[in-house]
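J.: So that we are looking at the same thing, I have put the structure below in structure tokens.
The values are calculated or read from the model by the stated rules, or taken from the named source; none is laboratory data. What you are looking at is a predicted structure, and each value in this text was computed from that prediction instead of being measured. Methodologically, a virtual Cβ is constructed for each residue, glycine included, from the backbone with ideal geometry; neighbour enumeration extends over all protein chains shown. With ligands, DNA and RNA removed, areas are computed over all heavy atoms of the protein, side chains included. Shrake-Rupley method; radii C 1.70, N 1.55, O 1.52, S 1.80 Å.
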Amino acid sequence: MSILALHGFSGLGSDFAPFAKLSELDSWHCPNLPGHGAEPKLDCSPEATGELIDRERGNRSILLGYSMGARAALLHAHRYPKAWDLLILISPNPGIEEESERAERRAVDEKLAAKIEAEGVAAFIEFWQGTAMIRSQQNICQDWRITMDAARHEHSAEGLAASLRQFGQGHFPNLWHDLDKLTMPVLLITGAEDVKYTRIAKRMLDRLPKALGETLRDCGHMPHLEMPETCAGVFRDFLKAHGLPKR
């Protein structure tokens, strides 16, 4: 049994490596999403992101996404609901509902994209890690955090800027009204200290036909690495509840 895992903005597929070791699932495939990595694909549109997921899917039947990757996972599962047996979303957001707020977010992301292009990746990473949502990642195991932080400097300013401009939340479609189409079992995981995304996940639970929500104490936006043992336990219990893994 194999899983396709999609990372968050400014992350890489390799971010999942420590968590994957705790999952008791044999095979993980964790590609870099458009705009990310040393040689990024610069078409970061929802269509291109969906095409990448199609190419990387193979015979995998479990789709996991974290933050931006959760948006990508939601979009693919919405378009191809029969493609996945299980959907696992960590710190998800199905979109911004009001067009005025979407326009405001596009303006914010454009300003951030221009900042990355003007100041470079290193300056952006330092800024990004100091933001309220990302700051809790300081609680990640030091060895993991050092490896993850080093990998982030592989990004190009052009790639990260393209991701913001094409796949930022202001450009992502509003999927709130279509959540009932996701009839596969869905697991939502958030950190209790990430109040915004925990609130979003609770709203999603009311609209998803077969969803389970878990909010983990003492962690923020990245619970699978901030509280990996606890999060892995939730992950394993969800798989076992659905008869997995089958070896």
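J.: For the stretch 72-83, what does the Karplus curve 6.51 cos²θ - 1.76 cosθ + 1.60, with θ = phi - 60°, yield as ³J(HN,Hα) per residue in whole Hz, taken in order and with x for Gly and Pro?
T.: Here the 3J(HN,Hα) series is 4, 5, 4, 5, 5, 5, 5, 6, 10, x, 8, 7 Hz.
J.: Let me ask you something else. Can you give the FRET efficiency for D43 and S14, using 1/(1 + (r/R0)^6), R0 = 22 Å, r = Cβ-Cβ distance, to the nearest 0.05?
T.: 0.50
J.: Just check the stretch 103-144 against the gyration tensor rule for me: Cα atoms, a ≥ b ≥ c as the square roots of the eigenvalues, rounded for a/c under 1.5, and otherwise prolate or oblate depending on whether a/b exceeds b/c.
T.: Judged from the Cα gyration tensor, the stretch 103-144 comes out oblate (a/c at least 1.5, b/c at or above a/b).
J.: Additional query: Looking only at GluC sites (Glu not before Pro) in DSSP loops with at most 11 other Cβ atoms within 10 Å, what is the longest site-free stretch of the chain?
T.: 99-247
J.: Tell me, what is the 1.4 Å probe accessible area of T230, in Å² to the nearest 10?
T.: Accessible area, nearest 10 Å²: 70 Å².
J.: Mind jotting down the distance between the C-alpha centroids of the stretch 53-74 and the stretch 110-151, whole Å?
T.: Measuring centre to centre over Cα atoms gives 23 Å.
J.: Indicate the gyration tensor shape class of the stretch 147-192 (rounded, prolate or oblate), computed on the Cα atoms with a ≥ b ≥ c the square roots of the eigenvalues: a/c under 1.5 is rounded; otherwise a/b larger than b/c is prolate and the rest oblate.
T.: oblate
J.: Sort H78, H224 by accessible area with a 1.4 Å probe, largest first.
T.: From most accessible down to least: H78, H224.
J.: Starting from the Cα-Cα distance between R199 and Q138, subtract it from 0.36 nm times their residue separation and give me the gain in nm to one decimal.
T.: Length difference between fully extended and current span is 19.7 nm.
J.: Quick one: Karplus J couplings for the stretch 36-44, per residue in order, coefficients 6.51, -1.76, 1.60, θ = phi - 60°, nearest Hz, x for Gly and Pro?
T.: Residue by residue, the stretch 36-44 yields 10, x, 5, 10, x, 7, 8, 8, 9 Hz.
J.: Pick out which of A70, A157, A122 has the largest mean-square fluctuation in a Gaussian network model of the chain, springs linking Cα atoms closer than 10 Å.
T.: Among A70, A157, A122, the largest mean-square fluctuation in the Gaussian network model of the chain belongs to A122.
J.: Another question about this same structure. Could you give the length gained by full extension between W176 and E98, i.e. 0.36 nm per residue of separation minus their alpha carbon distance, to one decimal place?
T.: 27.0 nm
J.: Return the carbon/sulfur percentage of the accessible area of the stretch 1-65, one whole number, probe 1.4 Å, all protein chains in place.
T.: Carbon-and-sulfur percentage of accessible area, whole number: 45.
J.: Given a 1.4 angstrom probe, what's the average accessible area per residue across the chain, in square angstrom?
T.: 44
J.: What full-extension length gain, to one decimal in nm, is calculated for K82 and E126 as 0.36 nm per residue of separation minus the Cα-Cα distance?
T.: Difference between extended and current length: 11.8 nm.
J.: Something else about it: Going 7 Å from the Cα of D26 toward and past its Cβ, which residues in the stretch 1-20 have a backbone nitrogen under 16 Å from where you end up?
T.: Within reach of a label on D26, which here means backbone N under 16 Å from a point 7 Å along Cα→Cβ, the stretch 1-20 contributes 1-4.
J.: Return the aspartates and glutamates within reach of K210: Cα separation strictly under 16 angstrom, same-chain partners fewer than 8 residues apart disregarded; answer none if there are no such residues.
T.: The qualifying aspartates and glutamates are D85, D178, D180, D237.
J.: Rounded to a whole number, what % of the accessible area of the stretch 133-203 do carbon and sulfur atoms account for, probe 1.4 Å?
T.: 51
J.: For the pair E117 and S2, how long in nm is the line joining their label points, each one 7 Å along Cα→Cβ?
T.: If labels sit at E117 and S2, their model points lie 3.8 nm apart.
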